[in-house]
Amino acid sequence: MSIPMQTWTPTHGDPYRPVPYHPARMPAQESLTRAAELRERMDGRRTVRRFSTDPVPERVVKDAIACAATAPSGAHQQPWTFVLVKDPAVRQRIREAAEAEERRSYAGRLGEEWLAALRPLGTDEVKPHLTDAPYLIVVFQQRYWLGPDGTKRKHYYVDESVGIAVGMLMSALHLSGLAALVHTPSPMRFLSEVLERPKNEKAFAVLPVGYPAEDCEVPDLVRKSLDQVLVEF
Ligand code: IYR
């Protein structure tokens, strides 16, 4: 297996240049086995909010980010930036800023209906995962393309594209043995400031990544069954 070393450059306005695509077809029996195994492994994923401070191999996290960056995107514009935060001092600043916002949220900004929806998850304004997890991946969406000379170009389906990439990131991390949480402190403007992102980028989510703490607990939740989510027509 090898991935070609290539550097992307903008393709805006280039002609269509198709290349053959003939992946070897997987025998149906193998597909069935793999799909069933994958389903079981994905069902074992849980959102974790109590992380061990134990280090995790950085290569695993970077490979997961590379997996996420294979996501399909509107006009193949790949409108994402993944900021990998390792520096404990920066994680501490992010935690303080996130907790300041969350205190306002939980003290009333969310409203009774939202708080009631969250109650079964046991969340609150204290966010130890932001400093305990050895890595934070802060995902930014590039709302538009910003050329080196300041030229702006529209990006399409940015929310959808980045959402798909985060889904693939979560899957890659889980299947590589790591735990993660999709955390969306609101508002998230402070992340652009702390991480010095350019003006075309907007924070989408913060993913603490690591191993669950030894005393990690998760809510006793039930997933919708396939029957409840699948409609056949
Ligand atoms: N951002 C807050 C609140 C929160 C909102 C939703 I929707 C969640 O699924 C979980 C939490 C927090 O992180 O606590």
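The values are calculated or read from the model by the stated rules, or taken from the named source; none is laboratory data. Quantities reported herein were computed from a predicted structural model and do not represent experimental measurements. No Cβ is skipped: glycine too gets one built from the backbone with ideal geometry, and neighbour counts run over all protein chains shown. Quick note on the areas: whole protein, heavy atoms, side chains included, nothing else; ligands and nucleic acids left out. Shrake-Rupley method; radii C 1.70, N 1.55, O 1.52, S 1.80 Å.
The table that follows gives values for the structure above.
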{"read-out": "Subset of the stretch 108-149 that is touching a Phe, Trp or Tyr at 6+ places or on another chain (Cβ under 8 Å) and near the ligand (Cβ under 10 Å from one of its atoms) - its residue that is least open to solvent (accessible area, probe 1.4 Å)", "value": "H129"}
{"read-out": "Unique match (being of a type outside the set (S, T, N, Q), free of Cβ contacts under 8 Å to residues at least 12 places away in the same chain and out of contact with any strand residue (DSSP E or B) (no Cβ under 9 Å at 6 or more places or on another chain)) among P27, P72, P88", "value": "P27"}
{"read-out": "Matching entry among R45, R50, R39, R25 (being of a type outside the set (S, T, N, Q) and touching a Cys at 6+ places or on another chain (Cβ under 7 Å))", "value": "R50"}
{"read-out": "Number of positions in the stretch 85-107 that are under 18 Å from the mean Cα position of the chain (by Cα), closer than 15 Å to E193 by Cα and away from the ligand (no atom under 13 Å from the Cβ)", "value": "2"}
{"read-out": "Options H129, H155: the member that is over 15 Å from A203 (Cβ atoms), in contact (Cβ under 8 Å) with a residue 60 or more places away in the chain and touching a Leu at 6+ places or on another chain (Cβ under 8 Å)", "value": "H129"}
{"read-out": "Residue in the stretch 33-42 that is in a loop (DSSP other than H, G, I, E, B) and of a type in the set (G, A, S) present", "value": "no"}
{"read-out": "Residue that is more than 25 Å from F190 (Cβ to Cβ) and open to solvent by 90 Å² or more (accessible area, probe 1.4 Å), where the choices are R45, R59", "value": "R59"}
